[in-house]
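One structure below.
Every number here is computed from the coordinates shown, using simple stated rules; none is lab data. Just so it is clear, the model here is predicted, and its values are computed rather than measured. Using ideal geometry, Cβ is built from the backbone for each residue, glycine included, and neighbour counts are taken over all protein chains shown.
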Amino acid sequence: MNVSILGCGWLGFPLAKRLIENGFSVNGSTTSIAKLKVLEEENIVPFLIELSEEKIIGTISDFLSNADVLIIDIPPKLRGEQKENFVRKIQNLIPHIETSKIEKVLFVSSTSVYGEDEAIVTEETIPCPDTESGKQLAQVEKILKFNPNFKTTVLRFGGLIGADRHPIKFLAGKENLENPNAPVNLIHQKDCIALIEKIISMDCFAEVFNAVAPFHPTRKNYYTKKALELHLEVPKFKEHSEKGKIIDSTKIITLLNHSFALDLY
């Protein structure tokens, strides 16, 4: 099977390597000229592709031409001064998908589409985002899901951890942090990769999945424990706050028969 991964970054690159190890052929995109050689060394067919609000730079038709599945793993850039219209970028991409032979799309989204209300959230919960990133992701989900030319599975990840990435590295030593009693909703890079591979191999398209480890200690307890484990300064939280949502991943655990590696958390 041939897979094109739009965005070979923190998740897309190790995902591409895993798929190749398991017999897939993979096209991978990057916006960095220097990374083209890195992709090629891992037997990933490299493409220099950059989506903008006005156009797509690079040979997008070649990138999509021989693929059976397209994985879209490019996050909205909505922080800092150089914000962008992520919805418009994906709208520019869709005509190219429609004219290719691709019939299956996997869109990497986020649980930020649900907002922060205190609740147990399933895939049946109506998205109600309260951040600009969540709002644009929710719009893109709709655009892709309701396109009749291909089947889209939306994969809503919680907070990403793994490799060199963990929130405690940013939170260590901080004071007056909000929401000490809010539950954490995290997913490790290894579980992300395993779930994507299962979705493709088991042909689970035209679905929406929450993907968060079934492990929800409070922020205060979890980040205190992690700081101590990593010999970092323990963060200090405010004494009172509202609780937050718990993301329920029962559907993906059941349908894909997936066991989260809780020792990674």
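What the table shows:
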{"item": "The chain: angle of helix 86-98 to the longest principal axis, Cα-based, in degrees nearest 10", "result": "30"}
{"item": "Viscosity 1.567 mPa s, temperature 4 °C, Stokes-Einstein D of segment 47-182 from Kirkwood C-alpha radius, µm²/s", "result": "77"}
{"item": "In nm, spacing of pseudo-spin labels at Arg18 and Leu228 (7 Å Cα→C-beta vector)", "result": "3.1"}
{"item": "Chain lengthening between Glu42 and Glu84 when straightened (0.36 nm per residue, less Cα-Cα)", "result": "12.0 nm"}
{"item": "Projected-area average for the chain over all orientations - Cα convex hull basis, square nanometres", "result": "14.3"}
{"item": "With Cα atoms, 0 to 90° folded angle of helix 219-229 axis to the chain main axis", "result": "90"}
{"item": "Förster radius 22 Å - calculated FRET efficiency between Leu255 and Ala119, Cβ distance, rounded to 0.05", "result": "0.50"}
{"item": "Computed lengthening from Ser241 to Asp164, 0.36 nm per intervening residue step minus Cα-Cα distance", "result": "24.8 nm"}
{"item": "P(r) tail fraction, segment 140-265 - alpha-carbon pairs more than 22 Å apart, %", "result": "44"}
{"item": "Length-normalised contact order for segment 157-265 - Cα pairs under 8 Å, 6+ apart - percent", "result": "40"}
{"item": "Sorted by Cβ neighbour density within 10 Å, fewest at the top, the residues Glu124, Glu141, Glu118", "result": "Glu124, Glu118, Glu141"}
{"item": "Pair Ser25, Lys145: separation of 7 Å Cα→Cβ label points (nm)", "result": "3.3"}
{"item": "All-pairs Cα distance distribution in segment 16-58, expressed in whole percent, bin size 10 Å", "result": "30, 44, 22, 4"}
{"item": "Percentage, to the nearest whole number, of Cα pairs in segment 1-84 over 14 Å apart", "result": "61"}
{"item": "Where chymotrypsin sites (Phe, Trp or Tyr not before Pro) fall in DSSP loop in segment 64-149, at most 14 other Cβ within 10 Å", "result": "Phe146"}
{"item": "Centre separation in Å (Cα based) which lies between segment 19-42 and segment 99-119", "result": "23"}
{"item": "The chain - mean residue ellipticity at 222 nm from DSSP helices (-39,500 (n - 2.57) per run, n ≥ 4, rounded to 500)", "result": "-9500 deg cm²/dmol"}
{"item": "Gain on full stretching of the segment that runs from Lys198 to Asn92 - 0.36 nm per residue minus C-alpha separation", "result": "35.3 nm"}
{"item": "Angle in degrees between helix 189-201 and the longest Cα principal axis of the chain, rounded to the nearest 10", "result": "40"}
{"item": "Segment 109-199, relative contact order [Cα under 8 Å, separation at least 6], %", "result": "26"}
{"item": "Cleavage-rule hits (trypsin sites (Lys or Arg not before Pro)) in segment 171-211: DSSP loop, at most 15 neighbouring Cβ within 10 angstrom", "result": "Lys174"}
